[in-house]
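Since every read-out is calculated from the coordinates, none of them should be taken as a lab result. Everything quoted here is computed from the prediction, not taken from an experiment. Don't worry about glycine lacking a Cβ; one is built from the backbone with ideal geometry, like all the others, and counts go over all protein chains shown.
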Amino acid sequence: MHPHCSVFIATSVDGFISRRDGALDWLTKPEFLDQRGLGLPYERFIATVDAIVMGRKTFETARDFPEWPYEGRTVVVLSARELALPPRLHGKVVADGGAPAAIAARLAAAGHRHLYIDGGQTIRRFLAAGLIRELTLTRVPVLLGDGIPLFAADGGGSRLEHLQTSAAANGLVQSRYRVLPAA
Ligand SMILES: NC(=O)c1ccc[n+]([C@@H]2O[C@H](COP(=O)([O-])OP(=O)(O)OC[C@H]3O[C@@H](n4cnc5c(N)ncnc54)[C@H](OP(=O)(O)O)[C@@H]3O)[C@@H](O)[C@H]2O)c1
């Protein structure tokens, strides 16, 4: 039995999750902190998460935040190489180079029930493996023109059921989808 795997991610209106160089300046503006009006604010989502599985590139962004945002939660970083961990993260982060199904099964066996899957490539790999049950996409009112896309050629084929779309006064628009089992 696999744990429940969810995606909760912000994109520009043209579908990017960061600028090409990884910058998130367009997302971390103070005006976008207010999530009132959204059907599933981040704080409510993260409170239900047991473990986070993220790609190495997303980890490298989170690692450099002034505070580690996932204190107290199991964090698995996907990478095919050796992970450079700063001392403050020893014991808090584990690296894994396995396939999505094997990682989900291992986390389920360790008692984790709700996994937060993060990072563009990582999300697409978990989607392609049929493991994602829910997608929450929050669109930020900006066009970046270029950047790292959420969806790309390696991520198609999923059927979605729309659950809810909501908006905040600052222009954030959140759509929630259930990922339907493959036909
Ligand atoms: N807008 C938002 O809300 C949001 C949220 C999260 C992230 N981001 C941004 O998105 C960017 C990163 O996204 P991304 O698509 O470039 O990459 P990503 O998924 O974060 O990381 C990709 C890396 O993960 C590793 N990986 C993924 N699946 C693997 C698997 N099954 N087995 C082994 N390794 C695997 C590989 O690492 P190796 O190359 O080491 O093998 C791959 O290069 C960052 O700039 C981050 O800040 C934005």
Farthest positive-ward along the chain dipole, Cα basis, beta-carbon charges - from Leu150, Leu107, Gly97:
Leu107
For the range 78-137, which trypsin sites (Lys or Arg not before Pro) pass both filters: DSSP loop (anything but H, G, I, E, B) and at most 16 other C-beta atoms within 10 Å?
Arg81, Lys92, Arg113
Quick check: net charge around Asp96, other residues with Cβ under 11 Å of its Cβ, Lys/Arg +1 and Asp/Glu -1?
+2
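Can you tell me the relative contact order of the range 4-179? Whole percent, Cα pairs under 8 Å, sequence separation 6 or more.
Details: 311 pairs, mean separation 67.0, N = 176.
This gives 38 percent for the range 4-179.
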Compare Leu115, Leu27, Leu143 in a GNM of the chain, Cα atoms joined below 10 Å, and give the one with the largest fluctuation.
Leu143
Quick check: net charge around Phe32, other residues with Cβ under 15 Å of its Cβ, Lys/Arg +1 and Asp/Glu -1?
-1
Longest exposed-site-free window of the chain, the sites being GluC sites (Glu not before Pro) in a DSSP loop that have at most 11 other C-beta atoms within 10 Å:
83-183
